[in-house]
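I have placed the structure first, in the form of structure tokens, so that the comments after it can refer back to it.
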Amino acid sequence: MSYRAPVADIAFTLKHSAGLSQALGEGLYGDLTEADVDAVLEEAGKFASTVIAPLNTVGDKHGTPLKDGKVTMPPGWKEAYTAWVQGGWNGLAASADWGGQGLPHALNAACIEMWNSASMAFGIGPVLTMGAIEALDRHGADALKAKYLEKLTTGEWMGTMQLTEPQAGSDVGALRARADRAADGSYRITGSKIFITYGEHDLTDNIIHFVLARLPDAPPGTKGISLFLVPKFFVSDDGAIGERNDARCHSVEHKLGIHGSPTCTMVYGDNGGATGWLVGEENRGLNCMFTMMNNARLAVGLQGVAIAERATQHAMAYANDRKQGRAGGNGAIVNHPDVRRMLLTMRALTGAARAICYATGAAIDRSHLAKDDAARKAADQRASLLTPIAKAFSTDVGTEVASLGVQVHGGMGFIEETGAAQHYRDARIAQIYEGTNGIQSIDLVTRKIPMMGGAVMKDYLDELRRTVAAVKQANDPAFGATGIRLSDAVDSLDRATAWLLGNLDKSPDAALAGATPYLRLFASAAGGCALAEDALAASRLNGGADGGRVALARFFAENIAVQAGGLETTVTEGADSVSPIALPAA
Ligand SMILES: Cc1cc2nc3c(=O)[nH]c(=O)nc-3n(C[C@H](O)[C@H](O)[C@H](O)COP(=O)(O)OP(=O)(O)OC[C@H]3O[C@@H](n4cnc5c(N)ncnc54)[C@H](O)[C@@H]3O)c2cc1C
């Protein structure tokens, strides 16, 4: 089954719970109008559905073979990528100074969802290029920007992000790739990197690698890491492509999913060292990489939303068609309450994850564009708080929803030709790359909720409480127990937060043991409130014809947000049971 971009749903969430309409009204985005936003979404949806989506199974089947150091991308991918670049999609949110369109990050987030619903393997390449653009724009020297930024912005060249080495995965500080200073101010890079997405391919004439490496006199750990721009081919001052740099792809991984995305082992320095140029300052590379990583973390969260959306569409179509048992209506399995429960769970989780991701994108916009310093800082802190939720919750949702999608298909879900199995295989990586979801939970608990002594989190809790109050005030029977269930969930989040803040220093292991259930608890309250916000807006705007949004918010509150109480108990009382695990005797 092909993909139909849910443009109306996307636009609604963007404008309401993510606050785009309000931001447009405030003039945050200059003279941009809702009609402009709708037009961009419509065109992106068309491109994703008609040009990229048909290539998804092609990529899965063909993979990205490596021969004589060259990776060949699946048939049709280069043409699709070229058309995508010509459409200006790569630079949608990038600065107009470098050929971008300077449109909202929140709008770009919605488009990233659509590219990745159409094909996650296709969508992940540009995600890394977009991160590279931001890091170079923010931290690069003028000469580097002048040479590389425009071609990266348009997508004529793609970028990579290179941290991982065999001994340095989650622990980036353990990396060993080496950078030696050269007399001309450049550096010679030696060493190797593993698992590099789009490290080699034939979509573009040049690939600009962003590589983390260590100077010989660097301090140990994360304080001794520097970031280097290492082009595959050298570029002369007039922009012409020259000789090959001393960097090559050694091998391409065979993976569970996203077969159309080449995952490469890269080798630097077969012939004395690849030439690289410093981005930012020496030993401050992780700082620059964080610019890329925050951007990429939201984008990977959007991959979770994207795959969940596609799996849901797929399952809905099958459930309306497949007849089995004594189901009501036309006899299709969609009429069985248990199948309906699965489909509603899929829709509710997808909607909640979407709303959280778009709200993160909107906070990023405000952090750049708000009128005063205080508002910019508050928005930056909101984006920081939400980024680990956007990444980890949404990618957990991607896998859970894709798994339910297989279940709705019964035995056919396990058979490749149906396509449901590919969503499940593709979804799984997003929980791992860009910082595993375990690492995201730790980031949330140890760095994000303690921001400003807990004040950032308190503001957020106050906002959730305002939504709960609005639901209660609406006094609409269609909401069922939504108000009370969300109120309980927010109370659980409040108490679990206070417990963690009180225990972080006293018993850090106990706090860390609760990090993953806490992140889920956070998302249950936040996602439930976001769906309720959209539901309230829908019933307000359309005089009661809410397009099913009230029912969806109610389903989430009464079936998913209710898990918050159990998660709170796990966080506050479960730590002792996370005891050291004894290995079985040999
Ligand atoms: C398909 C694919 C594409 C990738 N693309 C890129 C890329 O483009 N660029 C790049 O640099 N990297 C890339 N990666 C690497 C990816 O980011 C890492 O695999 C990931 O960060 C995890 O590192 P690891 O595999 O070494 O796992 P490990 O760090 O060994 O983790 C194993 C497990 O231990 C847990 N763990 C580790 N440390 C801690 C801790 N301190 N506290 C609690 N739990 C912990 C983890 O959460 C995980 O569950 C890619 C990987 C894959 C598979």
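Tell me which of Trp98, Thr153, Gln167 sits at the most positive position along the dipole axis of region 57-209, charges placed on C-beta atoms (Lys, Arg +1; Asp, Glu -1). Most positive-ward Cα: Gln167.
If you plug the beta carbon distance of Asp509 and Glu42 into 1/(1 + (r/R0)^6) with R0 = 56 Å, you get a FRET efficiency near 0.65. Relative to the longest principal axis of the Cα atoms of the chain, the long axis of helix 564-573 lies at roughly 60 degrees. Of the solvent-accessible surface of the chain, computed with a 1.4 Å probe over protein heavy atoms with every protein chain present, carbon and sulfur atoms account for 53 percent. The angle between the Cα long axis of helix 77-86 and the longest principal axis of the Cα atoms of the chain comes to about 90 degrees, rounded to the nearest 10. Cα axis of helix 105-118 to longest principal axis of the chain: angle in degrees, 0 to 90, nearest 10? The answer is roughly 90 degrees.
Each 20 Å bin from zero up to the one holding the largest Cα-Cα distance in the chain carries the following percent of pairs: 20, 55, 24, 1.
Remind me, relative contact order of region 306-374 in percent, using alpha carbon pairs under 8 angstrom and six or more residues apart?
Numbers: 38 pairs, mean separation 15.9, N = 69.
It rounds to 23 percent for region 306-374.
Once the Cα-Cα distance is subtracted from the 0.36 nm per residue extended length, the Leu583 to Gln473 segment shows a gain of 34.1 nm.
The packing ranking of peptides 349-362, 263-276, 180-193, highest mean first, is 349-362, 263-276, 180-193, where packing means the average number of other beta carbon atoms within 10 angstrom of each residue. When only Cα pairs below 8 angstrom with a gap of at least 6 residues are kept, region 247-358 shows a relative contact order of 17 percent.
Take each peptide in 70-80, 452-462, count the other Cβ atoms within 10 Å of every residue, and average; sorted highest first, the result is 70-80, 452-462. Is region 416-457 best put as rounded, prolate or oblate by its Cα gyration tensor, with a ≥ b ≥ c the root eigenvalues, rounded for a/c under 1.5, and otherwise prolate when a/b is larger than b/c, oblate when not? Prolate is the answer for region 416-457, as a/c is 1.5 or above and a/b outweighs b/c. Take the Cβ atoms of Arg244 and Asp217, set R0 to 41 Å, and the FRET efficiency comes out at 0.90.
Please work out whether region 422-492 counts as rounded, prolate or oblate from its C-alpha gyration tensor, where a ≥ b ≥ c are the square roots of the eigenvalues and a/c under 1.5 means rounded, while otherwise a/b larger than b/c means prolate and anything else oblate? Oblate, because a/c is 1.5 or more while a/b does not exceed b/c. Spatially, region 226-272 and region 164-206 are offset by 9 Å when compared through their Cα centroids. Over the chain, Cα pairs under 8 Å with separation of 6+ residues give a relative contact order of 13 percent. Accessible surface computed residue by residue for the chain, with neighbouring protein chains in place and a 1.4 Å probe, gives 40 Å² per residue. Helical content alone sets the calculated 222 nm signal of the chain at -17500 deg cm²/dmol, taking -39,500 (n - 2.57) per DSSP H segment of four or more residues and averaging over every residue.
Applying the Karplus relation 6.51 cos²θ - 1.76 cosθ + 1.60 with θ = phi - 60° to region 476-490 yields 3J(HN,Hα) values of 9, x, 4, 6, x, 9, 3, x, 6, 5, 5, 4, 4, 5, 5 Hz, where x marks Gly and Pro.
Please report the net charge: other residues with Cβ closer than 12 Å to the Cβ of Gly45, K and R +1, D and E -1.
Working: positive: Arg4, Lys46; negative: Asp9, Asp38, Glu42, Glu43, Glu113, Glu309.
Net charge around Gly45: -4.
Can you compute the label reach from Arg495? Point 7 Å from Cα along the Cβ direction, backbone N cut-off under 16 Å, restricted to region 535-577. Only 562-575 fall inside the zone, counting backbone N under 16 Å. About the centre of its Cα atoms, region 325-400 shows a dipole size close to 200 debye [charges on the beta carbon of Lys, Arg (+1) and Asp, Glu (-1) only; nearest 20 debye].
Hey, can you rank 86-96, 14-24 by average C-beta count inside 10 Å, highest first?
Working: 86-96: 19.1, 14-24: 22.1.
Packing order, densest peptide first, comes out as 14-24, 86-96.
The values are calculated or read from the model by the stated rules, or taken from the named source; none is laboratory data. All figures in this text were calculated on a predicted structure; none of them were measured in a lab. Virtual Cβ from ideal backbone geometry, glycine too; neighbours counted across all protein chains shown. Areas reflect the complete protein model, heavy atoms only, side chains present, ligands, DNA and RNA absent. Shrake-Rupley method; radii C 1.70, N 1.55, O 1.52, S 1.80 Å.
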